[in-house]
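J.: This structure is in structure tokens; I'll ask about it shortly.
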Amino acid sequence: MARALLSNVIATSDWCANQLLPRISPSFLSRHRHTRFTVAKPAYFSYKRLSVFLAMDASKAAPAKQLSSVLDATTEEEYASLSKLLQEFTNISSIDKAWTFNSGNGNGTQAMFSISQPNLLANKRKKFMLSTVISKENENSVTFQWAPFPVEMTGASAVVPSPSGSKLLVVRNPENESPIQFELWSQSQLEKEFHVPQTVHGSVYADGWFEGISWNSDETLIAYVAEEPSPSKPTFSLGSTKGGSSDKDCNSWKGQGDWEEDWGETYAGKRQPSLFIININSGEVQAVKGIPKSLSVGQVVWAPLNEGLHQYLVFVGWASETRKLGIKYCYNRPCALYAVRVSLYKSEASELELKESSFEDFPVVNLTESISSAFFPRFSPDGKFLVFLSAKSSVDSGAHSATDSLHRIDWPTNGNFSSLEKIVDVIPVVQCAEDDCFPGLYSSSILSNPWLSDGCTMLLSSIWGSSQVIISVNVSSGELLRITPAESNFSWSLLTLDGDNIIAVSSSPVDVPQVKYGYFVDKANKGTWSWLNVSSPISRCPEKVKSLLSSLQFSIMKIPVKGVSANLTKGAQKPFEAIFVSSSHKKDCSCDPLIVVLHGGPHSVSLSSYSKSLAFLSSVGYSLLIVNYRGSLGCGEEALQSLPGKVGSQDVNDVLTAIDHVIDTGLANPSKVTVVGGSHGGFLTTHLIGQAPDKFVAAAARNPVCNLALMVGTTDIPDWCYVESYGSKGKDSFTESPSVEDLTHFHSKSPISHISKVKTPTIFLLGAQDLRVPVSNGLQYARALREKGVETKVIVFPNDVHGIERPQSDFESFLNIGLWFKKYCK
């Protein structure tokens, strides 16, 4: 029977190789090594057969009766319908970036959009470019004339237009030891291509954290961040072969050499981001010298050219003299802005070029010594001041993310850094906002050119409660305005500027992303903006998806805090928010099962923006309660800082309060409540099924934190365990060797301390390459549940990290979650 089932597996070759074969025991494969695999029929058949296989492999020899029960539990029709629907949602494109260029003929603006789309068969995200011409016919009308088809950017790691828009840099990082490719494109052709061997440097950073690629003013030099060349490894020999090369000598081998720290999750093997400059005329690459080895660098920008032939590079530096803790999503790592001088000379063609040894005579200068965090440097158009973000409240408290601030430095155009004036606070940290007022700055990026034509007003995307909004900030006066509609609960993302106009994307949990064009209604009153809808092929989605989403509605709820105590700060006593998604066609939503959705962090936020996975779940008959418990971003620093030291209690109680709120108001059925969360959201999920064992009929946890005592010794962020368990004092007591008392405390704060009470059927989705919450955390908890007899399903993705974002893995995760919840909500 096993042979017959195996011969009927229908799968794509990639799915088979990447998902199926690694999970089947070697002995099973050996017994059926002659079985043929074919490529045919839709993917849901392969997925169904895969589930049968996993059940067989887990049982080692599953009898026919057991196999029958697996098939009965999840029928072929359920897999077919849900898989097909999820594919419809998955295929919708995302808008990642945009750029605008002057057309040069006065007939409008040219724009270029970077879009991406998951490719399930290739198990990669495909990247495309789609061009358009923007014509503003009058104040109330704008037309986008789109190119008929997008152009795929195969293998492109970064795309960066020059300041004038006349050139385009495309960087391609290889997946092996091949050279890095730099391509320079003009409007009509590939002008130049340079191959940089990995003996010069490794991959160029293009991930949004260390990433920094900056053209100089005359567009002859490009500064960028790339991995320092790997140190040479020792060669061991048992004797040489005459005339043979040592590399090919079968009597020798390369040793491993010394182990070095890397920067953790998503940066496995990335040790030392360093600064380089390439001359686009000659292709010559120079490493920027004089930067201490203790600094990892990123986010480089060219300073404006001063009176002489000296120019400066400004970059962010993270010190790493002892251990490199995980840095992705960790704003609490101290960093500063530095400047290094570049000496230039004019070539015979009157172009600026680098002098040899141009970095040796000028020491690197720390521009922000008085502040613990400084990143995303941006120069004003006139070059007179340098603006940057700071996460000093995160660094000072130890919370991995907190409320940002915006600052300004007057730039010394004469190169005299000894005369630097103090750092000016443009937007300070907001501790507690009044109702409906600006809650503080929460910005994860800044455009390379965020300035309006007045030269002092910059535009930023920021989180405001449960929504993302666009704000304008006058960096001279500090005046701040919300320029996206205050009455809208949609989320807005700033893409680029078209002069003093804005190209943005707007979406909601029930509305796919839509391109918007914003302009001043009254230039004298810069807070008055109007927004036009833009007809865009990027925003199109299948009719089935459109129909399903049109039947849904959402709102943002204010949930009063229960049990307010006198020792809480004012900000921590304010109501927190939750996004509620439900059917708009039913007067009574209480008959629909409820999925409680919990974000990670914990200092993150679930935004009122479009999410393919959540839209899929809500479209198949579930109401969603997306809880932004106290400690989330977007509500002021006091509310955020109320959570460290109280994880597993305050956040759990907030979620239970939100659930009771929708049940008491008749929006949810108390007998059909499920819960899903990842990372800290998985921490809450597993806490909830232990602390409220009768509340939930099913649960799903993605890479959950289940046991802090186990995690602290294996994670790339052990400091997180201390700060979230002890509060900000944990930052100072953080150690790599926790005491018995520490381990006892960690256990008491962990979901595993409540496991004896759990009876909720739970599915676990785990990434085997996760460095943040190693797979052992989820596996330990899942095994303990199985020993108790609680129904448990575990799927491990062998090549995924913490986010489980590879297209096939993401697809399989949410297909399984939908089926798991459907099984227990009948």
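J.: With the Cα gyration tensor of segment 148-296 giving a ≥ b ≥ c as the square roots of its eigenvalues, does the rule (a/c under 1.5 for rounded; else a/b larger than b/c for prolate; else oblate) give rounded, prolate or oblate?
T.: prolate
J.: Next up: Would you mind putting 743-750, 329-336 in packing order, based on average other-beta-carbon counts within 10 Å, highest first?
T.: Descending mean neighbour count gives 329-336, 743-750.
J.: How large is the helix-only mean residue ellipticity at 222 nm for the chain, computed as the sum of -39500 (n - 2.57) over DSSP H runs with n ≥ 4, divided by its residue count, in deg cm²/dmol to the nearest 500?
T.: When only DSSP H runs of four or more count, the value is -6000 deg cm²/dmol.
J.: Could you tell me whether segment 105-168 comes out rounded, prolate or oblate from its Cα gyration tensor? Rule is a ≥ b ≥ c as square roots of the eigenvalues, rounded for a/c under 1.5, then prolate if a/b exceeds b/c, otherwise oblate. Before the final figure, lay out the partial values.
T.: Values: a/c = 3.42, a/b = 1.76, b/c = 1.95.
Note, shape of segment 105-168 comes out oblate.
J.: Write down the Å³ per residue value for the convex hull defined by the alpha carbon atoms of the chain. Intermediate results must be reported in sequence, preceding the final value.
T.: Details: hull volume 165.9 nm³, N = 826.
Normalising the Cα hull of the chain by residue number yields 201 Å³.
J.: Also, I was wondering about something else. Using Cα-Cα distances under 8 Å and only pairs 6 or more residues apart, what relative contact order does segment 551-652 have, in percent?
T.: The normalised contact order for segment 551-652 reaches 31 percent.
J.: Hey, another quick one. Karplus couplings for segment 431-445 from phi (6.51 cos²θ - 1.76 cosθ + 1.60, θ = phi - 60°), rounded to Hz, Gly and Pro as x?
T.: Ordered by residue, 3J(HN,Hα) equals 7, 8, 8, 6, 3, 6, 9, 3, x, x, 8, 9, 10, 9, 6 Hz.
J.: Order of 200-211, 731-742 by packing, highest average Cβ count within 10 Å first?
T.: Per-residue Cβ counts within 10 Å, averaged per peptide and sorted highest first, yield 200-211, 731-742.
J.: So how do 759-765, 212-218 stack up, highest first, on mean other-Cβ count within 10 Å?
T.: Top of the packing list down: 759-765, 212-218.
J.: Distance in nm between label sites at GLN189 and ALA80, each 7 Å beyond Cα in the beta-carbon direction?
T.: 5.5
J.: Run the numbers on the chain and let me know its relative contact order in percent, using alpha-carbon pairs under 8 Å that are six or more apart.
T.: 8 percent.
J.: Which of rounded, prolate, oblate describes segment 501-562, given a ≥ b ≥ c as roots of the alpha-carbon gyration tensor eigenvalues and a/c under 1.5 marking rounded, otherwise prolate only if a/b is larger than b/c?
T.: oblate
Here, each number is a calculation from the coordinates, and none is a lab measurement. Every value quoted in this text rests on a predicted model; they were computed, and no experiment measured them. Counting neighbours? That spans all protein chains shown, and the Cβs are built from the backbone with ideal geometry, glycine included.
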